[in-house]
Amino acid sequence: MKIAKRILLLAGLLIVLLVVFTYLSIWSTNEAGEDTILLNRDNLDTTDLKDTDSVLVAASSRFESNFLKEFMQGAHYRETWAAPVKAPVLWLDTYLGGLKPVEVGGGQQTHSLDVLAKDGTLYTLRSVNKDPAPLIPKFAETLGLENIVTDGISAQHPYGAILAAALADKAKVLHTNPKLVFLPKQPLLDTLNAKFGNRLFLLEYETEDSENWTGLDRIIGMIDTDSLQLLKPKLQENLRIDEASLVRSRLFDFLIGDWDRHTKQWGWALQENKNGTLAIPLPGDRDNAFFSLDGVIPTLISSRFLEPKVRPFDEDIDYLPGLVYPFDVYFLKNTPKAVFVKQARFLQQRLTDQAIEEALKRWPPDVYELDNEKIRLKIIGRRDALVEYAEGFYEILQQRQYLEEPLNGSDDITLPPALMKCFQCLDKKLLTSPSTAKDSEN
């Protein structure tokens, strides 16, 4: 009885200490800071940039830290957010012959603006800086803990998408070709100047477009996953997905530590061929590639028992089931194991040490100096174990059941019951006995 009381007392003391140190870490630094800091300029709002090709800018100074804050809330990429980078100045009226703002978008954290080029190609401006306000729960505001959420943005690499694209080139994985730009306030933004002017963005292709920017032949358009599902009953077995490319893309996600791969982050390039239409996966949104998690609080929150999907980017994948989505079950449950192993070996062959180093060099010099060594070692560690991860990925898919509800994000479309279970479940060979078809392919 005495031992139990001591254990409870010790547990209570640890909780009290955790709370005390949490608040001390929050109060230990200035939380003001600012985003998009133009360096070597006195005043961003009064500086005329019309004849300037590029600017030296830091993404954010909001993540100032000290030992206590880094111990409790993580070191993450704080220095990288404050590092100087050179960014081209983007004037909408002249770039690519002129870009016209057409739609404001964005997810829970990212502000985005779709812009249309004169040739009909659709681009997106995605903010480097994030707005975590929609993610802050009421209880955190009440308890004065909102800084835990806002400071958590420092776990994201501000320029991770640039490296992800460079590695994707080496891996033969499609990507949206993000380019770092500084968007000054300008007449074409009009009422959007307050939200989008004088900010740092990644300019990239949109994953849904009527124009073919992929470099692939016979592409008749790019669509989202909802549209792909709605197209399946019309074309049935004449529409299939490029399973090998999707497996490769998902293994590539594991390689770069991109744990946030829900349905809305995928487009599909439709390619006509002699067998019908092939849907080639087109991944977008690399905000969480190379996601760094350390410090007491992030480590506790990202425990596999509390939040299995939020996985840290380390040399080893600590919990593979957390990276496997219903999206994977829906599209890949019936894919033979040999495809997973073959694609893992393909990535190992393509992503040599030299290829990884060349990709890292795509980063601005100061960012490269800060992060190249630790990122390189983690990529290499994951690459070397990729066949093991591929086999594990396949086994997890076999253990999981076909879906009983629509894919997250596809709740507002009506599908035949069979198509709700898996993408191939409308095909004749799977209609009779999915399990038999699956077993015959293994």
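The values are calculated or read from the model by the stated rules, or taken from the named source; none is laboratory data. This is a predicted model, so every value here is computed, not measured. Positions of Cβ are backbone-derived with ideal geometry, glycine not excepted, and every protein chain shown enters the neighbour counts.
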Inset, instruction - Look through the range 55-77, keep the residues that are modelled with pLDDT under 90 and touching a Pro at 6+ places or on another chain (Cβ under 8 Å), and return whichever of them is farthest from Phe291 (Cα to Cα). - result: Gln73
Inset, instruction - Kindly check whether there is at least one residue in the range 377-395 that is farther than 26 Å from Leu167 by Cα, at pLDDT 85 or above and either in contact with a Phe, Trp or Tyr (Cβ under 9 Å, 6 or more places away or on another chain) or assigned by TED's automatic domain parsing to the domain that holds Lys337 (or both). - result: yes
Legend entry - Glu206, sole failed condition from (1) more than 30 Å from Leu320 (Cβ to Cβ); (2) surrounded by fewer than 19 Cβ atoms within 10 Å (Cβ to Cβ): (2)
Inset, instruction - Report, ordered by the first and then the second residue, all pairs with beta carbons closer than 7 Å, sequence separation of six or more or different chains, a first member in the range 222-250 that is free of Cβ contacts under 8 Å to residues at least 60 places away in the same chain, and a second member that is assigned to a helix (DSSP H, G or I). - result: Leu239/Leu231; Leu239/Lys232
Inset, instruction - Give Pro308, Pro406, Pro312 a once-over and let me know the one that is assigned to a loop (DSSP other than H, G, I, E, B), under 19 Å from the mean Cα position of the chain (by Cα) and more than 20 Å from Ser249 (Cα to Cα). - result: Pro308
Legend entry - Among (1) modelled with pLDDT of 85 or more; (2) among the small types (Gly, Ala, Ser); (3) at negative phi - the single one Gly98 does not satisfy: (3)
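Within the range 300-316, identify whether any single residue is touching a Pro at 6+ places or on another chain (Cβ under 6 Å) and assigned by TED's automatic domain parsing to the domain that holds Ala359, and answer yes or no. Show your work before the answer.
At the first step, the residues of the range 300-316 found to be touching a Pro at 6+ places or on another chain (Cβ under 6 Å) are none.
Checked against the condition, which is being touching a Pro at 6+ places or on another chain (Cβ under 6 Å) and assigned by TED's automatic domain parsing to the domain that holds Ala359, the range 300-316 yields no hits at all.
Only one residue in Leu403, Leu370, Leu377 is aliphatic (A, V, I, L, M), under 20 Å from Asp226 (Cα atoms) and in contact (Cβ under 8 Å) with a residue 12 or more places away in the chain. Which one?
Details: Leu370 fails: under 20 Å from Asp226 (Cα atoms); Leu377 fails: under 20 Å from Asp226 (Cα atoms).
Exactly one residue qualifies, and that residue is Leu403.
For (1) hydroxyl-bearing (Ser, Thr, Tyr); (2) outside any strand (DSSP E or B), each residue gets a yes or a no:
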{"site": "Val55", "(1), (2)": "no, no"}
{"site": "Ala75", "(1), (2)": "no, yes"}
{"site": "Thr80", "(1), (2)": "yes, yes"}
{"site": "Pro88", "(1), (2)": "no, no"}
{"site": "Leu92", "(1), (2)": "no, yes"}
{"site": "Leu96", "(1), (2)": "no, yes"}
{"site": "Pro101", "(1), (2)": "no, no"}
{"site": "Val104", "(1), (2)": "no, no"}
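Each row is one residue, and each column tells you yes or no for (1) of a type outside the set (D, E, K, R); (2) in contact with a Leu (Cβ under 9 Å, 6 or more places away or on another chain); (3) surrounded by fewer than 17 Cβ atoms within 10 Å (Cβ to Cβ).
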site: Lys337; (1), (2), (3): no, no, yes
site: Leu351; (1), (2), (3): yes, yes, no
site: Gln354; (1), (2), (3): yes, no, yes
site: Lys361; (1), (2), (3): no, no, yes
site: Lys374; (1), (2), (3): no, no, yes
site: Gly381; (1), (2), (3): yes, no, yes
site: Val387; (1), (2), (3): yes, no, no
site: Gln398; (1), (2), (3): yes, no, yes
Legend entry - Scope the range 269-294; condition more than 22 Å from the chain's Cα centre (by Cα) and assigned to a loop (DSSP other than H, G, I, E, B); matching residues: Lys274, Asn275
